[in-house]
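The values are calculated or read from the model by the stated rules, or taken from the named source; none is laboratory data. Only a predicted model underlies this, so the values are computations on that prediction, with no experimental measurement involved. Cβ coordinates were reconstructed from backbone atoms using ideal geometry, including for glycine residues, and neighbour counts include every protein chain displayed. Accessible surface is based on the protein model in full, side chains and every heavy atom, while ligands, DNA and RNA are left aside. Shrake-Rupley method; radii C 1.70, N 1.55, O 1.52, S 1.80 Å.
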Amino acid sequence: MSPSSLELLAPAGSLESFFAALEAGADAVYCGLKEFSARARARNFELAEVERLSACAHREGKKLYVACNTLLKDDELERLLEVLAGLAAARIDGLIIQDLGVWRLARTFFPELALHASTQMAIHNAAGVETLESMGFRRAVLARELTLAEIGLLRRRTSLELEHFVHGALCYSISGHCLFSAFFHGGSGNRGRCAQPCRRRYHHQGKPGFHLSTADLCAINYLPQLIEAGVMSFKIEGRMKNPEYVSQVVSAYRLVLDAKPGERKAALEQAQQILAFSFGRRHTTGFLTNSRPQDIVDPEERGGIGTLCGVVEAVSGPRIFFLSREMIHVGDRLRVQGGDDQGSHSFTVREMTVGKKTVKRASANSRVQVLTPFRGSFQPGDQLFKIATGKFFSLSEEACRRRLGLCPPAAVPVHLHVELEDRRLLLSGTAEGASLKACYEVEPIPAERSPLSLETLQRFFGRSGHQLLSEVEIDAGHLPPVVIPPGRLKEIRRDFFTRLAGQLQAERSDRKADQLAKARASLRQPERTTPQAAKLTVVGRDPDDLAVLENHAIHRLLLPLTRENVEAAEKFSFNERLGWELPAMVYGDDTGLRQIIGRLRGRGHRLFRLNNLAHFCFFSEPGACLLGGPWLYCMNSQATAALHQLGLEEITLPLEDDRHNMARVLATADCGVAVTIYGPLPLFTSRLPLASLPEETALEDDRGQRLHLARAQGLTVGHADRDLSLIGRLDELRIMGCMSHVIDLSHLGSGSSRGRSVLAAQAADQAIAGTTTFNFDKG
């Protein structure tokens, strides 16, 4: 891979961070909008600002990507179309998405948008990138949990651009498989509102620890290996970070990427010195060299970022007093962390006193008094952390806005044809999709020297003088040996290019209106007229669950697709009501899984439930009946249509959906729709081993909320302490149009006492004590 094809990709959660990234040497920047962004708490941007950002980046030979990477509810689709139309008009270089409804709308109505699959899609194997390629994606943002060898394996099966995180915060959970924040705090990570419960303190058998808080990724030492594995875009996490952090980290990685082989060691040493000022967490190389890393989680280390710089000794109104452990400057950013671990407060130091003297700098071991913007929020014993220093990037927001305002909109090239017939100068110009023909009366004068020529036309018409139009390529027809007065040529140039620019604006406006009209029409789907047939699906645990098929009220049984279950099931006679649940995560070589599926298909099995985009690649041969599990998210009618288009006969609504949105999707879906009415609530799924904990255990946070952790099949899953149940609300679901229900007993077994009681409760539609409806009622 040539150095020119490599890309250093930087985050911009604010305007200051955008310019910090460009100045520090980023090749591309990614940002989010005020809506539909997985970092909703970042400052983000308005659509009008994105057009300027795009123009500014392109003027410097850089690229701009926009993250629209959350799940959308059905009533948000109308607004989404306006966003997509605006982003297409802004000429962004890529759209980062998670929701398959966004994929369908963008691919169908805004094909000029290059699509990047967000890490939220959990693309982690060769089958996943193959599916993306068939769907028309340009780039895959790979899951963070891959080894270098696994990246190399999938690189050989695709021509897609591959992007991988190289620096910044890691999630304990596999991205896109986390309901932790939604359940504990009511803010969905899939909707951009993660409250980071994994960073909190949890108690195990009475002992506190930060068992789920990960170190920060730093892969600066592994850039050559990532390049060799096939990664071309090196992504820095941090849309919630300040511009100083962005500047420092981008500068460090730029140094190493640009270093020649003989200079690399010195560049790495210098880069590490720069990174020491970024005030992140302890560093890890993640999964790159080991699929079971032991250094990502340290239960003894707090989840917040920053360098400990003191402990609050006294508080007086908005002022705090402490003994500084290191030098502090006015402009530094501090975070005060309370002892109960239930949140923190951050602020920039604006006023600081040592003794009775106001100072700009306080050395280590100084007794410091700092004015904060908070009153009544702190108490003695709270810890202070320095999380940023203002020494690296100091351009203010106002200065950045002025600089952005100087960036003209992106200009397009013009092709101009010129001819002179008698006293008429004929001009024919095209710019993008706009064209204009015009005739101008002139008074040609016989030329004694320097007659009208292509060179003369280039001198007068080579620059349009309009900010929407860039360089002008000119060719000419018949040009007699005459001279046209320069003043008249200037008048013609001004009029013609003004009219052509107006034509370009009108053409763009018409195209945008046409795209929007067609896209909006696609949203107006007729409501379902054929009622769904009643179906009950049970998800079991092992072949002992085959006994439930004797109950003809149960439409089908799904068993986890494992070699053990397949071998055991082969001892029984074939049953067409038996189906198979594919594992959502299949790392590395998928040959074994393909063989198992082929073996089942050979015995007549055709019923399979999919839980990752990768799974579609396993069913290129016709004849299978494919269902969608809850990890193939569909929270809007367009996502449902997309999954049906990809081959699903039935989808399962996400576990975190609410009744209002469910009703909208149920009313318009053009395929079967199922709802999970009972099952475990997997709050997160992780490839990380449990650090210093048993393979099955329970944790409790400071507020008494509990979760259960278990390690199986190479994954750690954290479950809520209550199962999800909508049993007792089945009449309500039927009124909404849902007759297809799923009972997931994969954690219990249908023959267990609890499993039998769940099935009995379903038959009687009686609510089950000790369960939760999750978001069904609260949204």
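Things worth noting here:
- So Thr147, is it in contact (Cβ under 8 Å) with a residue 40 or more places away in the chain, over 19 Å from Ser118 (Cα atoms) and either more than 17 Å from the chain's Cα centre (by Cα) or open to solvent by 10 Å² or more (accessible area, probe 1.4 Å) (or both): no
- Subset of the stretch 235-266 (residues that are surrounded by 19 or more Cβ atoms within 10 Å (Cβ to Cβ) and among the small types (Gly, Ala, Ser)): Gly238, Ser247, Ser251, Ala252
- Some residue of the stretch 271-278 being touching a helix residue (DSSP H, G or I) at 6+ places or on another chain (Cβ under 9 Å), of a type in the set (A, V, I, L, M, F, W, C) and touching a residue at least 60 places away in the same chain (Cβ under 8 Å): yes
- Some residue of the stretch 15-26 being farther than 30 Å from Leu653 by Cβ and touching a Phe, Trp or Tyr at 6+ places or on another chain (Cβ under 6 Å): yes
- Considering residues of the stretch 103-132 that are over 27 Å from Gly592 (Cβ atoms) and free of Cβ contacts under 8 Å to residues at least 60 places away in the same chain only, the residue most open to solvent (accessible area, probe 1.4 Å): Arg107
- Residue, least open to solvent (accessible area, probe 1.4 Å), within the stretch 340-354, restricted to residues that are modelled with pLDDT of 85 or more and assigned to a loop (DSSP other than H, G, I, E, B): Val349
- Among the residues listed as Ala674, Ala698, Ala667, Ala763, the single one being modelled with pLDDT under 95 and of a type in the set (Gly, Ala, Ser): Ala667
- Taking residues in the stretch 743-768 that are touching a residue at least 24 places away in the same chain (Cβ under 8 Å), and partners anywhere that are polar (S, T, N, Q) and surrounded by fewer than 18 Cβ atoms within 10 Å (Cβ to Cβ), the pairs with Cβ atoms closer than 8 Å and at least 6 places apart or on different chains are Leu745/Ser752; Leu759/Asn551; Ile768/Ser757.
- The stretch 255-283, residues that are β-branched (Val, Ile, Thr) and modelled with pLDDT of 95 or more: Val256
- Selected residue (only one of His747, His741 is surrounded by fewer than 19 Cβ atoms within 10 Å (Cβ to Cβ), under 22 Å from Pro630 (Cβ atoms), modelled with pLDDT of 95 or more and not β-branched (Val, Ile, Thr)): His747
- Looking only at the stretch 267-289, and only at residues there that are part of a helix (DSSP H, G or I) and closer than 21 Å to Glu326 by Cβ, the one that is least open to solvent (accessible area, probe 1.4 Å): Leu275
- Residues of the stretch 766-779 that turn out to be at positive phi and either surrounded by 14 or more Cβ atoms within 10 Å (Cβ to Cβ) or modelled with pLDDT of 95 or more (or both), as a count: 2
- Residue check, Ser316 open to solvent by 40 Å² or more (accessible area, probe 1.4 Å), in contact (Cβ under 8 Å) with a residue 24 or more places away in the chain and of a type outside the set (A, V, I, L, M): no
- Qualifying positions in the stretch 180-198 - surrounded by fewer than 21 Cβ atoms within 10 Å (Cβ to Cβ) and assigned to a helix (DSSP H, G or I): Phe184, His185, Arg191
- Test: residue in the stretch 604-627 that is of a type in the set (Lys, Arg), closer than 23 Å to Cys178 by Cα and outside any loop (DSSP other than H, G, I, E, B): yes
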